[in-house]
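One structure is given here, and the rest of the page talks about it.
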Amino acid sequence: MTIKTMICGRRRLGQTLGENRAHMKDHHGRLVLDYIAREPSQAPRRYVQNHVFDGIYFGGDGQPRALSLGLDFVTEVWFPDMAAAKSSRETPFYLEQLQPDEPKMVDETSVLGLPVTEELILPPGLRDGAVKVFLFWFNNAPDVKTVPDAANGADFGLFGQCRNLPLFPGPVEAVDEFWLPDEAAGLAFAQACRDAAPAFAPSDTRYCLAIAREHVLHAG
């Protein structure tokens, strides 16, 4: 069973968004690609960075800190299974190259690692410049097709969707991802989701929403 780990968090304290983006994509991303080239059996099989530029966060007790305050990034890495994901973080390359670099870009007090299974509802393929909308459901996750239907996703050029289900119990019940063609469409679809939520979600439903630019650094 292929698994995906979603690494959600905020930038290092004292770092601008521009500095964080540059370090994460151009420096850390290059290290991960070197890892994949040198040790393909140990490194992630697929590697995607999502740089968050907007979102809706409501705070609340019991929510992960990053999802309460607001995300700066969602990094996604794929492995054949949990054993492979664990062993990937125990190799000399990871321990000597990647791990020491993480504090240079990540606020480690707020980072959330979320191992999930991914269900592709509408496979997005590869498209340059894609924007993604993430919906993190803390409870009462709706039926997987309810959100795009209620928000009229087709009107905004929605061309991909998946649902991620955590492998272990925790504060996040499900994470939906939606692919849109550009920033304007992503922002409009996110607002449509927000406007439609009262109609399809119970009043006590808790969620947060992040809008990001997708960078597929290794398609696998």
Practice task
Report whether or not PRO123 is crowded, with 17+ Cβ neighbours inside 10 Å and either at pLDDT 95 or above or under 30 Å from ARG12 (Cβ atoms) (or both).
Solution key: no
Practice task
Please indicate, with yes or no, whether at least one residue in region 192-215 is aromatic (Phe, Trp, Tyr), at pLDDT 95 or above and not in a strand (DSSP E or B).
Solution key: no
Fill in the blank from the handout: So, first residue among the polar types (S, T, N, Q) in region 112-137, second residue open to solvent by less than 40 Å² (accessible area, probe 1.4 Å), Cβ within less than 8 Å, six or more apart or across chains; the pairs are THR117/ILE3; THR117/LYS4; THR117/ASN164
Practice task
For region 122-136, indicate whether the set of residues that are more than 26 Å from PRO202 (Cβ to Cβ), touching a helix residue (DSSP H, G or I) at 6+ places or on another chain (Cβ under 9 Å) and charged (D, E, K, R) is non-empty.
Solution key: no
Exercise for the section: Report yes if some residue within region 203-213 is within 16 Å of VAL52 (Cβ to Cβ), open to solvent by 20 Å² or more (accessible area, probe 1.4 Å) and aromatic (Phe, Trp, Tyr); otherwise report no. Expected result: yes
Practice task
Starting from region 30-43, take each residue that is surrounded by 12 or more Cβ atoms within 10 Å (Cβ to Cβ) and list its partners that are among the basic types (Lys, Arg), counting only C-beta distances under 9 angstrom and pairs at least six apart or across chains.
Solution key: ILE36/ARG45
Completion exercise
Across region 1-28, the tally of residues that are in a loop (DSSP other than H, G, I, E, B) and either buried (at least 20 other Cβ atoms within 10 Å of the Cβ) or not charged (D, E, K, R) (or both) stands at 7
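Taking region 172-181 as the search range and keeping residues that are more than 12 Å from LEU158 (Cβ to Cβ) and not in a strand (DSSP E or B), which one is most open to solvent (accessible area, probe 1.4 Å)?
GLU173
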Exercise for the section: Name every residue in region 54-83 that is more than 20 Å from CYS208 (Cα to Cα) and either crowded, with 19+ Cβ neighbours inside 10 Å or within 20 Å of the chain's Cα centre (by Cα) (or both), in order of residue number. Expected result: VAL77, TRP78, PHE79, PRO80, ASP81, MET82
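The values are calculated or read from the model by the stated rules, or taken from the named source; none is laboratory data. Worth saying up front: this structure is predicted, and the values here are computed from it rather than measured. Glycine also receives a Cβ, built like all others from the backbone with ideal geometry; neighbour counts cover every protein chain displayed. Note: accessible area is taken over every heavy atom of the protein model, side chains too, but ligands, DNA and RNA are not part of it. Shrake-Rupley method; radii C 1.70, N 1.55, O 1.52, S 1.80 Å.
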